[in-house]
1. Output the residues belonging to the range 214-239 that are part of a loop (DSSP other than H, G, I, E, B), among the small types (Gly, Ala, Ser), loosely packed, with under 15 Cβ neighbours inside 10 Å and modelled with pLDDT under 80.
2. When the residues of the range 173-221 are narrowed to those that are touching a Gly at 6+ places or on another chain (Cβ under 7 Å) and among the polar types (S, T, N, Q), which ends up nearest to Val159 (Cα to Cα)?
3. Could you please find all residues in the range 248-292 being assigned to a strand (DSSP E or B), farther than 30 Å from Pro352 by Cβ and either at pLDDT below 90 or of a type in the set (Gly, Ala, Ser) (or both)?
4. Going through Gln297, Gln242 one at a time, which residue ends up being under 30 Å from Glu334 (Cα atoms) and either modelled with pLDDT under 80 or assigned to a helix (DSSP H, G or I) (or both)?
5. Against the conditions (1) modelled with pLDDT of 80 or more; (2) crowded, with 18+ Cβ neighbours inside 10 Å; (3) in a helix (DSSP H, G or I), where does Leu119 fall short? Just the number, please.
6. Mind checking which pairs have a first residue in the range 401-420 that is in a helix (DSSP H, G or I) and a second that is of a type outside the set (A, V, I, L, M, F, W, C), Cβ under 8 Å, 6 or more apart or different chains?
7. Take the residues in the range 176-202 that are open to solvent by less than 20 Å² (accessible area, probe 1.4 Å) and among the small types (Gly, Ala, Ser); name whichever of them is nearest to Gly82 (Cα to Cα).
8. Would you check which residues across the range 367-387 are surrounded by 14 or more Cβ atoms within 10 Å (Cβ to Cβ) and assigned to a loop (DSSP other than H, G, I, E, B) and list them?
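The values are calculated or read from the model by the stated rules, or taken from the named source; none is laboratory data. Predicted, not measured: the structure shown is a model, and the values here were computed from it. Using ideal geometry, Cβ is built from the backbone for each residue, glycine included, and neighbour counts are taken over all protein chains shown. Note: accessible area is taken over every heavy atom of the protein model, side chains too, but ligands, DNA and RNA are not part of it. Shrake-Rupley method; radii C 1.70, N 1.55, O 1.52, S 1.80 Å.
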Amino acid sequence: MTGPDPKALLARGGRVVSDLTGGQKMVALVAALAVAVGGFFFVRWVSTPAYAPLFTGLSAADAGAVTSALSDAGEPYQLSDGGQTVLVPQADVYQQRIALAGQGLPAGGGDGEASGYSLLDNQSMTSSDFQQKVTYQRALEGELAKTVGAIDGVQSAVVHLAVPQEDVFTSDAAKPTASVLVKTAPGKTLSQQAVTSVVNLVSGSVPKLAAEDVTVSDASGQVLSAPGGTAGAAGADARQSQQRAVSDATAAKLQAMVDKLVGPGKAVVTVDATLNFDAQTTDKQTYIPMTPATTTQSQTSTETYTGTGGGAGGVLGTTTTTTPGGNGSYSKTETSQTNALGTLKETATSTPGKVERLSVAVLLDSAAAASINSADVSRLVTAAAGLDPKRGDVVEVTALPFDTSAATSAKKELDAAAADAKQQNMMDLAKTGGLALLVLVALVFGFLRSRRRGGGAEPEPVDYYRVPDAPAPADAVLEMSEARGLPMRDPAETQLVGAGVGPGAVETLARENPDDVARLLRGWISEGAQ
């Protein structure tokens, strides 16, 4: 089985195009242009790589250096955030970071000024000891600023160190202190954990600098961590956030349980948690007797006396005279024994944030909880929340009618909005489908009309010649053609002349070569019309 002939397909396509009217050709041209333009933009959109941030929060000098290096390497890039963020194709992010890091970019300086340890590269041999110390302190401040700026949420940072000069003749020299100013990214705030990280990073990088001697503030002037380890508003916010987290987690657990009982939207559970943020350490020592008893020390002392003479005697309160006489003796024995004891030492440290008290309030819809016993709900809530009446935990369960007018009105509005949206979608689909159908019908109608014009038009009247019963000679056919002024240029016409023009010959030729005969007749008709 052979495939289709390309020449035949090309010829058929040419005939279809030639049969179209001028309007149909214009519509087809516009449609082809629309498809070509749409395909071009689609291919361009698919082939455009996705961009990802290479570096963020860059200074003007660093951004210029990075973009210059990318241009020299032939790497496409984009700028955003006012030139502070450089974007490159996502597949090249890590490769470009490694390549730029090998060139020392970004340097981390501002306005083209060297910062960090790069300051030490510019020292000369004639620098004094004071200049070297100041340069080293500036370098350390720059490195700490870059380290703090790498924390998520910090856009830039400035670190100032106050390092006193060491004196060998002074035992109680002043301690170093540090101040950190952070500028957060728009819409972000530093958590207490991030503030603690900043304090620990700075204190751990400077010798003899304690964490309680580091001050952290934000660009708005709010103190995030003050000297002495006392957190400012950030610490208070952290404690409040922790209390809210405990309250919300307990309320969510209880709400899920009560919703299973009365149904969603038929109950409201509120929890107020009080936490103790005081850290306490308790030491306890207990002596435990050894079993069996083990004697570690034993001592026995004996005292005796033997002599003559009687003992002293008389009446109390009167003056008497006693004369020693007679025999007397005395004996005393003492035993001291020490047994071994075991010692148990315990140290208990309470972590800040321990739950000190819980208050739970449960409000039930009386219409949905008419057959529910409030005491049963109270016992369930007490068990689920782990309430302890000894520490002051309370729970209150109340059934009251709910006002559902607002919810009903909102539901009606949502249903109406959903219905309108659905109707609009249906109308849009109908419009799109109708337009597509109209275009298709127009194209089909135009195509059929063009085919009817090209192939179905009635031929102009021509003179008919009676064909004799006997085959006419070829000369007669030639004379007839010449008389009508129709030259024979088609092979079918030559075959027709050679075979004779009798009815049988014409019928045989039309049956064997229908295409040639039809083309011959169309040529005669068109030439006759001319």
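1. Gly228, Gly229
2. Step by step, filter the range 173-221, then rank; the result is Thr184.
3. Kept after step one, since they are assigned to a strand (DSSP E or B), are these residues of the range 248-292: 267-276, 280-289.
Imposing the further condition that a residue be farther than 30 Å from Pro352 by Cβ reduces the set to 267-268, 287-289.
Correct list: Ala267, Tyr287, Ile288, Pro289.
4. When all the criteria are applied, what remains is Gln297.
5. Failed condition: (1).
6. Correct list of pairs: Ala407/Gly265.
7. First, pick out the residues of the range 176-202 that are open to solvent by less than 20 Å² (accessible area, probe 1.4 Å): 176, 178, 180, 182, 194-195, 198-199, 202.
Subset that is among the small types (Gly, Ala, Ser): 178, 194.
Details: Ala178: 32, Ala194: 26 Å.
By that ranking, first place goes to Ala194.
8. Ala368, Ala369, Ile372, Leu387
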